[in-house]
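Have a look at the structure below before the remarks.
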Amino acid sequence: MPYTLHRGDALTVLSDLPDNSVDALITDPPYNSGGRTSGERTGRTARAKYTAADAEHHLANFPGENRDQRSYGFWLTLLLTESYRATVESGTALIFTDWRQLPTTTDALQAAGWTWRGIASWHKPVSRPQKGRLKQSCEYIVWGTKGPVDANRNPVYLPGLYTASQPRKDRVHITQKPVEVMQDLVKICPPAGTVLDPFAGSGSTGVAALREGRQFIGIELSDHYADIAEQRMERELTQDDFDLAGPEE
């Protein structure tokens, strides 16, 4: 099986992963953002934070969105420390974040032992305009390595800017990332290597990894979203089998 999906708390599951067992950490953790005050960040659901009041969908909430700033930084450092241990030397970490949590995320990455290498941007062209303000049309990908960059291990050239709209048709998660963006990002993992995502959500990273010929280890706390992730990855494998076999005569 080219993927494993664990159900449970990310820190608990990560502690059981062997040392040096994954090639790349690519993840979209709960931002614990979406507000100007501590009360706005800790007292509202993910749906209330990240979904417009006039949204036409009724996607399920997800857990882990109510930490205050200090506990979020501490928790993220613990998570990235365990991920560092599980990653091979010269392996890579890519962590999504927003503008509010960008400083905390870069701090946590370095506190966990990773060498911070830079920031890529995901530009969302259909983000909401805000009267009297600049649009918040980007999210960010903080990236680093475990030790030095070994360019010969995986000689790819990846962009630092991605432009793609959040999925609208067939959207299944509040903060779902475009598979086409994730497919490019998983190429930072060497071919046939293993991608780790401790916050698998609806499985977009896993689908991207399978499409690009990588192994995948995912962790998801919500049974609702773990079910969706499993279904999406199984469909991907079924499609791959069909493509290899070809249509029936």
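Give the residues of segment 205-222 that are in a helix (DSSP H, G or I) and either at pLDDT below 95 or among the small types (Gly, Ala, Ser) (or both), sorted by residue number.
Of the residues in segment 205-222, the ones in a helix (DSSP H, G or I) are 205-211.
Answer for segment 205-222, where residues must be in a helix (DSSP H, G or I) and either at pLDDT below 95 or among the small types (Gly, Ala, Ser) (or both): 206, 208, 209.
Considering only segment 111-161, how many residues are part of a strand (DSSP E or B), in contact with an Asp or Glu (Cβ under 7 Å, 6 or more places away or on another chain) and more than 22 Å from residue 72 (Cα to Cα)?
1
When you check residue 109 against the structure, is it surrounded by 19 or more Cβ atoms within 10 Å (Cβ to Cβ), under 30 Å from residue 224 (Cβ atoms) and touching a residue at least 60 places away in the same chain (Cβ under 8 Å), yes or no? Break it down into steps so the answer makes sense when it comes.
Details: surrounded by 19 or more Cβ atoms within 10 Å (Cβ to Cβ): yes; under 30 Å from residue 224 (Cβ atoms): yes; touching a residue at least 60 places away in the same chain (Cβ under 8 Å): no.
No, not satisfied.
Do any residues in segment 85-96 that are closer than 16 Å to residue 187 by Cβ have Cβ atoms under 6 Å from those of residues that are among the aromatic types (Phe, Trp, Tyr) and not in a strand (DSSP E or B), where the two are at least six apart or on different chains, and which pairs are they?
93/114
Go over the candidates 191, 159, 198 one by one and state the one that is closer than 15 Å to residue 28 by Cα, modelled with pLDDT of 95 or more and either buried (at least 18 other Cβ atoms within 10 Å of the Cβ) or not acidic (Asp, Glu) (or both).
Numbers: 191 fails: closer than 15 Å to residue 28 by Cα; 159 fails: closer than 15 Å to residue 28 by Cα.
After ruling out the rest, the residue left standing is 198.
Select from segment 162-182 the residues that are under 12 Å from the mean Cα position of the chain (by Cα) and assigned to a helix (DSSP H, G or I) and write down the one among them that is nearest to residue 58 (Cα to Cα).
Kept after step one, since they are under 12 Å from the mean Cα position of the chain (by Cα), are these residues of segment 162-182: 175-179, 181-182.
Those still in the list that are assigned to a helix (DSSP H, G or I) too: 179, 181-182.
Numbers: 179: 21, 181: 24, 182: 24 Å.
Among residues in segment 162-182 that are under 12 Å from the mean Cα position of the chain (by Cα) and assigned to a helix (DSSP H, G or I), the one nearest to residue 58 (Cα to Cα) is 179.
If I go through segment 29-71 residue by residue, how many of them are modelled with pLDDT under 60, among the small types (Gly, Ala, Ser), assigned to a helix (DSSP H, G or I) and under 21 Å from residue 198 (Cβ atoms)?
1
Return the total of residues in segment 204-227 being buried (at least 20 other Cβ atoms within 10 Å of the Cβ), within 20 Å of residue 167 (Cβ to Cβ) and either out of contact with any strand residue (DSSP E or B) (no Cβ under 7 Å at 6 or more places or on another chain) or of a type in the set (Asp, Glu) (or both).
Qualifying residue count for the region: 6.
Answer yes or no as to whether residue 157 is without any contact (Cβ under 8 Å) to a residue 40 or more places away in the chain, on the phi < 0 side of the Ramachandran plot and hydroxyl-bearing (Ser, Thr, Tyr).
yes
Considering only segment 160-200, how many residues are under 25 Å from residue 17 (Cα atoms) and either touching a residue at least 60 places away in the same chain (Cβ under 8 Å) or acidic (Asp, Glu) (or both)?
Of segment 160-200, the ones under 25 Å from residue 17 (Cα atoms) are 182-183, 185-200.
Still in the running and either touching a residue at least 60 places away in the same chain (Cβ under 8 Å) or acidic (Asp, Glu) (or both): 182, 185-186, 188-190, 193-200.
Number satisfying all stated conditions: 14.
Which residue pairs have Cβ atoms closer than 6 Å, lie 6 or more positions apart in sequence or on different chains, and pair a first residue in segment 217-237 that is within 13 Å of residue 2 (Cβ to Cβ) with a second residue that is in a loop (DSSP other than H, G, I, E, B) and among the aliphatic types (A, V, I, L, M)?
218/200
Somewhere in segment 196-211, is a residue within 19 Å of residue 6 (Cβ to Cβ), of a type in the set (Gly, Ala, Ser) and over 13 Å from the mean Cα position of the chain (by Cα)?
No, every residue in segment 196-211 fails to be within 19 Å of residue 6 (Cβ to Cβ), of a type in the set (Gly, Ala, Ser) and over 13 Å from the mean Cα position of the chain (by Cα).
Check residue 140 against each of (1) in contact with a Leu (Cβ under 9 Å, 6 or more places away or on another chain); (2) under 28 Å from residue 234 (Cα atoms); (3) of a type outside the set (D, E, K, R) and name the one condition it does not meet.
(2)
State all residues of segment 132-147 that are surrounded by 15 or more Cβ atoms within 10 Å (Cβ to Cβ) and of a type in the set (A, V, I, L, M); if no residue qualifies, say none.
Across segment 132-147, the qualifying residues are 141, 142.
Between a first residue in segment 10-28 that is under 19 Å from residue 202 (Cα atoms) and modelled with pLDDT under 95 and a second residue that is among the β-branched types (Val, Ile, Thr) and exposed (fewer than 13 other Cβ atoms within 10 Å of the Cβ), which pairs have beta carbons less than 8 Å apart while being 6 or more apart in sequence or on different chains?
Cβ pairs passing all conditions: none.
The values are calculated or read from the model by the stated rules, or taken from the named source; none is laboratory data. As the structure is a prediction and not an experimental result, all values here were calculated from the model. Neighbour counts run over all protein chains shown; Cβ positions are idealised from the backbone, glycine included.
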